[in-house]
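Engineer: Take a look at this one; I'll ask things after.
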Amino acid sequence: MDVPQIRWTDGVKLPAARTALLVVDMQNDFVDPRGALPVPAAAGTVGPIAALLARAREAGVPVLYTQDWHLPDDPEFRIWPPHCVAGTWGAEVVDALAPQPGETRIRKTTYDPFFRTPLEPVLDELGVEELVIVGTVANICVLHAAASAALRGLRPVVPRDGVSALTKFDLHLAFHQVASLYRGVPLAGADGARFVPQARA
Ligand code: ZN
């Protein structure tokens, strides 16, 4: 059985007025070694994500965060150990990537950040066409975010050093799906996302 290659893109120009940056589930339970469901590779993405956040904010690109946000008896806990219970330390975004005042937090109960959340109207209001997605877990909540965004007509742009998974297979699968199913851009590195200033129409 052949494993398909990913055709990485080195750089992509993104009109600042039509782009948003979505930081998926960079919460203590996933990123901190003391968390309930740690993804060991996630810590290595904090630096590239922080640098990307700084450049997005500088360019005036809206930054949005998702937080996995479960009740203590959430049905998802039949699949995974309890994690990101609403209001707990584990559900908070890691300090190194903390949202700034005024940045949108989307609290979600499933892998899909569009399900029963205000994400779609918020992106519509902003006029977003390009959605840069970073965070964890690559083949779970990041992939569902990319998929749901693409099915709504947005183009997902996903940098390799900005996402993490539990296995290399999972990471590879996520990028294959982003590229092949969702018209997305697998970016070789977050520094390849080039925000181009442009007056809002
Ligand atoms: Zn969850």
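Engineer: Limited to the range 115-147, what total is found for residues that are open to solvent by 30 Å² or more (accessible area, probe 1.4 Å) and of a type in the set (A, V, I, L, M)?
Structural biologist: The number of residues fulfilling the criteria is 2.
Engineer: State whether one or more residues within the range 100-112 are touching a residue at least 12 places away in the same chain (Cβ under 8 Å), open to solvent by less than 50 Å² (accessible area, probe 1.4 Å) and more than 16 Å from the ligand (Cβ to nearest atom).
Structural biologist: Within the range 100-112, one or more residues are touching a residue at least 12 places away in the same chain (Cβ under 8 Å), open to solvent by less than 50 Å² (accessible area, probe 1.4 Å) and more than 16 Å from the ligand (Cβ to nearest atom).
Engineer: Hey, among the residues in the range 119-152 that are of a type in the set (D, E, K, R) and free of Cβ contacts under 8 Å to residues at least 24 places away in the same chain, which one's nearest to TRP80 (Cα to Cα)?
Structural biologist: Here the residue is ASP124.
Engineer: I'm trying to understand the selection: among the residues of the range 30-53, which are in a helix (DSSP H, G or I), touching a helix residue (DSSP H, G or I) at 6+ places or on another chain (Cβ under 7 Å) and either closer than 14 Å to ALA165 by Cα or without any contact (Cβ under 8 Å) to a residue 24 or more places away in the chain (or both)?
Structural biologist: Answer for the range 30-53, where residues must be in a helix (DSSP H, G or I), touching a helix residue (DSSP H, G or I) at 6+ places or on another chain (Cβ under 7 Å) and either closer than 14 Å to ALA165 by Cα or without any contact (Cβ under 8 Å) to a residue 24 or more places away in the chain (or both): PHE30, VAL31, ALA42, ALA43, THR45, VAL46.
Engineer: Okay, moving on. What pairs come out if I take residues in the range 153-174 that are open to solvent by 50 Å² or more (accessible area, probe 1.4 Å) and pair them with residues that are assigned to a strand (DSSP E or B) whose C-beta lies under 8 Å away, six or more apart or interchain?
Structural biologist: The qualifying pairs are ARG155/GLU130; ARG155/LEU131; ARG155/VAL185; ARG160/PRO186; ARG160/LEU187.
Engineer: From the set of residues in the range 69-98 that are open to solvent by less than 40 Å² (accessible area, probe 1.4 Å) and in contact (Cβ under 8 Å) with a residue 60 or more places away in the chain, which is farthest from LEU21 (Cα to Cα)?
Structural biologist: Filtering first and then ranking leaves GLY90.
Engineer: Shifting gears a bit: Looking only at the range 50-72, count every residue that is more than 17 Å from PRO113 (Cα to Cα) and more than 16 Å from the ligand (Cβ to nearest atom) and tell me the total.
Structural biologist: Of the residues in the range 50-72, 12 are more than 17 Å from PRO113 (Cα to Cα) and more than 16 Å from the ligand (Cβ to nearest atom).
The values are calculated or read from the model by the stated rules, or taken from the named source; none is laboratory data. A quick note: this is a predicted structure, and the numbers were derived from the prediction, not measured. Backbone-built Cβ (ideal geometry, glycine too); neighbour counts: all protein chains shown. These area figures cover heavy atoms from the full protein model, side chains too; ligands, DNA and RNA do not enter into them. Shrake-Rupley method; radii C 1.70, N 1.55, O 1.52, S 1.80 Å.
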